[in-house]
Amino acid sequence: MRRVTAATPALAVLAACASQPAEAHAFGQRYDLPLPLDYFLAGGAAVVLLSFVIAVVVLRPASERSWRWAIPSPPRWFRATIGTILAALGVFLFLLVLVAGYFGNQEPSENIATVLVWVLWWIGLMLLTALIGNAWPRLDPWSTIWNHTRSWMGRTVEAPAEMSPPWGAWPAVVMYFVYAWLELASEFGELPRDLALLVLLYSMGAWAAMALFGENRWSAGADPFGRVFSLFGRFAPFGRGTDGRLALRLPGAGLLGNHPRALGEIAFVLLVLATVTFDGLSETPPWNSAVEWLAHSPSLHPVLLWLGDFDIDVLMTAKTLGLLLTALVFFAVFVAVCRLSALIGGGVSGSQAMRAFALSFLPIAIAYHAAHYLSYLLLAGQLAIPLASDPFGWGWDLFGTGGRTIDLSVISMKTVWYIAVVAIVIGHVVSVTLAHIEALRLFPTRRAALLSQLPMLVLMVAFTSTSLWILSQPIVQEAG
Amino acid sequence: MGTTRAAALILPVTVMLTALLLSATARTAERHFELSIHDGKLAESAPTYRVSQGDEVVLELSSDRNLELHLHGYSLTFELKAGVPATWRFAVPSSGRFPLAVHDHGGRHGHAPLLYLEVHPG
């Protein structure tokens, strides 16, 4: 009896945690209106219709066109100058994040560190990478600092790694999961000082790995950010082909061929898809109800109380489980559909199909990412204007923009809806087309290729519809 | 007889004109909502109020505690004294879904939003 009475107030606290969660992303409150039903239906209908059009009409057998056109390389001095400017910018912003994070104002919206990392870098640069091209290898401050330090110390630049990194892409998978967890579940990176600490810890890890395995192997294998930017960059219209030459290509064409080989690389792609989806999923009303249910479920009380002792609340537990579960479900469904596809097509193993089709899903995720974050980027991104004048939140006014506030009228929700639906339909079309081209290359006959695409098509329609559905839900955030 | 016929003619015309006028002014309508706040909360948990872009929102407020209300996005704040009914009136020219939150006296956050205001494009 005693134990029960002792537990009751604690349970009340737990329940309160679920309905009144701590504030998340207070500096970047989202103001999106849910996608109206007619937009949702129009988008869904277009997706289904276009899928069949692509499946039946568009593709000719053995279409081996590369959909890319070489563009003349700018002169060497020009590339070198741009490279130096980007590298210097990367290092400058990296140091700015550390200094502002440690010494600046600890209100997230009044410190440039949080806005720079969570809004401009993670969402803004990611979208630019997908829509234009990948500049991250030049911007990457960790590589720049490492390489310069080495050359100052008189070491020769190391030879390119001849073999793949020791654990393949798995370190990147683990680090990306931890990063996604920090961003989506823990809220630990909200406070500028915590964020600076995380960046510093990551830096030490990255440099230790570079010292042990070499910068090349780190960049090519274990570096989670290099990997995710390179994935998004392969969608972009500007990029380097396998021959290393700059080319203009149709969006998504860069995702053809050059498949992820090892299981870890495939797992990384699926983890990226899963985190992008979970990010939106965890702001929907049904998710909120699931958290409420979790908080009030009698069988989970002892576990939740025990976790509460470690300062882990219901919301964080739910988000951790949700993130893990989403990633596992994505992986399991993908494996199952690839096996089915290989079985129907015939003559190909399930793992061959997994390698061929893993990247085909990326356009849907990129389109969803763009649709989900467009208005957030345009509104929360405006915080950079006053913060450019006052990066530490100390009341400076370097460029005379210190007092600027967010202007809500820069984009209308109607425009956001149009762009969201159009982006998602385009992303879906690109994904389905990529998978069909891959299938035509993979399977011996055209008939086998088309049949193999039936389960893939169902999965893609499901993935796209889920994305549209999430956009049609009101965003339930833990507002402050 | 003449008066009845005249009335039969004039009345519908007047009604139609009034309806027309009303629908024309409906674009910038005043939207009234009554909020009685107890212990920093409404009876219903975080309801969503829908209005149209360009409307004027009028909140008839009462609270049993001193509160500061904050409309996110628009960054509007309103001081509410315990037991003193007050009217908070503001225009909503931009579309979006905006949380209205209660801040206690340190100006600190920490509550779920009181309500969501959805401003739909016209």
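The values are calculated or read from the model by the stated rules, or taken from the named source; none is laboratory data. Values in this document were obtained by computation on a predicted structure and should not be read as measured data. Glycine also receives a Cβ, built like all others from the backbone with ideal geometry; neighbour counts cover every protein chain displayed.
The table below gives the values:
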{"quantity": "Considering residues of the stretch B:78-96 that are within 14 Å of chain A (Cβ to nearest Cβ) and without any contact (Cβ under 8 Å) to a residue 40 or more places away in the chain only, the residue farthest from A:Leu378 (Cα to Cα)", "calculated": "B:Phe90"}
{"quantity": "Filter pass, A:Glu292 being modelled with pLDDT under 90 and within 22 Å of A:His369 (Cβ to Cβ)", "calculated": "no"}
{"quantity": "Close pairs (6 angstrom Cβ cut-off, 6 or more residues apart or separate chains): of a type in the set (Gly, Ala, Ser) in the stretch A:387-410, assigned to a helix (DSSP H, G or I) anywhere", "calculated": "A:Gly393/A:Glu110; A:Gly402/A:Pro386; A:Gly402/A:Ser389"}
{"quantity": "Test for A:Ser299: is it modelled with pLDDT under 95 and either more than 22 Å from A:Val272 (Cα to Cα) or over 29 Å from the mean Cα position of the chain (by Cα) (or both)", "calculated": "yes"}
{"quantity": "Residue ID - modelled with the lowest pLDDT, chosen from residues in the stretch A:65-81 that are hydrophobic (A, V, I, L, M, F, W, C) and closer than 21 Å to A:Leu434 by Cα", "calculated": "A:Trp67"}
{"quantity": "Residues being of a type in the set (S, T, N, Q), part of a loop (DSSP other than H, G, I, E, B) and away from every other protein chain (no Cβ under 14 Å) - total across the stretch A:411-448", "calculated": "1"}
{"quantity": "Test: residue in the stretch A:38-49 that is modelled with pLDDT of 85 or more and among the charged types (D, E, K, R)", "calculated": "yes"}
{"quantity": "Some residue of the stretch A:316-337 being assigned to a helix (DSSP H, G or I) and within 15 Å of A:Ala449 (Cα to Cα)", "calculated": "yes"}
{"quantity": "The stretch A:121-177, residues that are at pLDDT 90 or above, of a type in the set (D, E, K, R) and surrounded by fewer than 19 Cβ atoms within 10 Å (Cβ to Cβ)", "calculated": "A:Arg138"}
{"quantity": "Residue within the stretch A:355-376 that is surrounded by fewer than 22 Cβ atoms within 10 Å (Cβ to Cβ), within 14 Å of chain B (Cβ to nearest Cβ), modelled with pLDDT under 95 and in a helix (DSSP H, G or I) present", "calculated": "yes"}
{"quantity": "Hey, A:Pro34 within 13 Å of another protein chain (Cβ to nearest Cβ) and either at pLDDT 75 or above or surrounded by fewer than 18 Cβ atoms within 10 Å (Cβ to Cβ) (or both) or not", "calculated": "yes"}
{"quantity": "Subset of the stretch A:382-405 that is away from chain B (no Cβ under 14 Å), aliphatic (A, V, I, L, M) and touching a helix residue (DSSP H, G or I) at 6+ places or on another chain (Cβ under 8 Å) - its residue that is farthest from A:Thr129 (Cα to Cα)", "calculated": "A:Leu398"}
{"quantity": "A:Thr464 touching a residue at least 24 places away in the same chain (Cβ under 8 Å) and either part of a helix (DSSP H, G or I) or in contact with a helix residue (DSSP H, G or I) (Cβ under 6 Å, 6 or more places away or on another chain) (or both)", "calculated": "yes"}
{"quantity": "Exclusive hit being in contact with a strand residue (DSSP E or B) (Cβ under 8 Å, 6 or more places away or on another chain) and either more than 14 Å from chain B (Cβ to nearest Cβ) or more than 30 Å from A:Val348 (Cα to Cα) (or both), set A:Leu379, A:Leu451, A:Leu408", "calculated": "A:Leu408"}
{"quantity": "Filtered residues of the stretch A:347-403 (kept if among the aliphatic types (A, V, I, L, M) and more than 20 Å from the chain's Cα centre (by Cα))", "calculated": "A:Val348, A:Ala353, A:Met354, A:Ala356, A:Leu383, A:Ala384, A:Ile385, A:Leu387, A:Ala388, A:Leu398"}
{"quantity": "Scope the stretch A:266-296; condition crowded, with 17+ Cβ neighbours inside 10 Å and either over 25 Å from the mean Cα position of the chain (by Cα) or of a type in the set (Val, Ile, Thr) (or both); matching residues", "calculated": "A:Ile266, A:Val269, A:Val272, A:Thr275, A:Val276, A:Thr277, A:Thr284, A:Val291, A:Leu294, A:Ala295"}
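Yes or no, residue by residue, for (1) under 21 Å from the mean Cα position of the chain (by Cα); (2) not small (Gly, Ala, Ser):
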| site | (1), (2) |
| --- | --- |
| A:Glu183 | yes, yes |
| A:Phe188 | yes, yes |
| A:Met210 | no, yes |
| A:Gly214 | no, no |
| A:Gly221 | yes, no |
| A:Phe225 | yes, yes |
| A:Arg240 | no, yes |
| A:Gly244 | no, no |
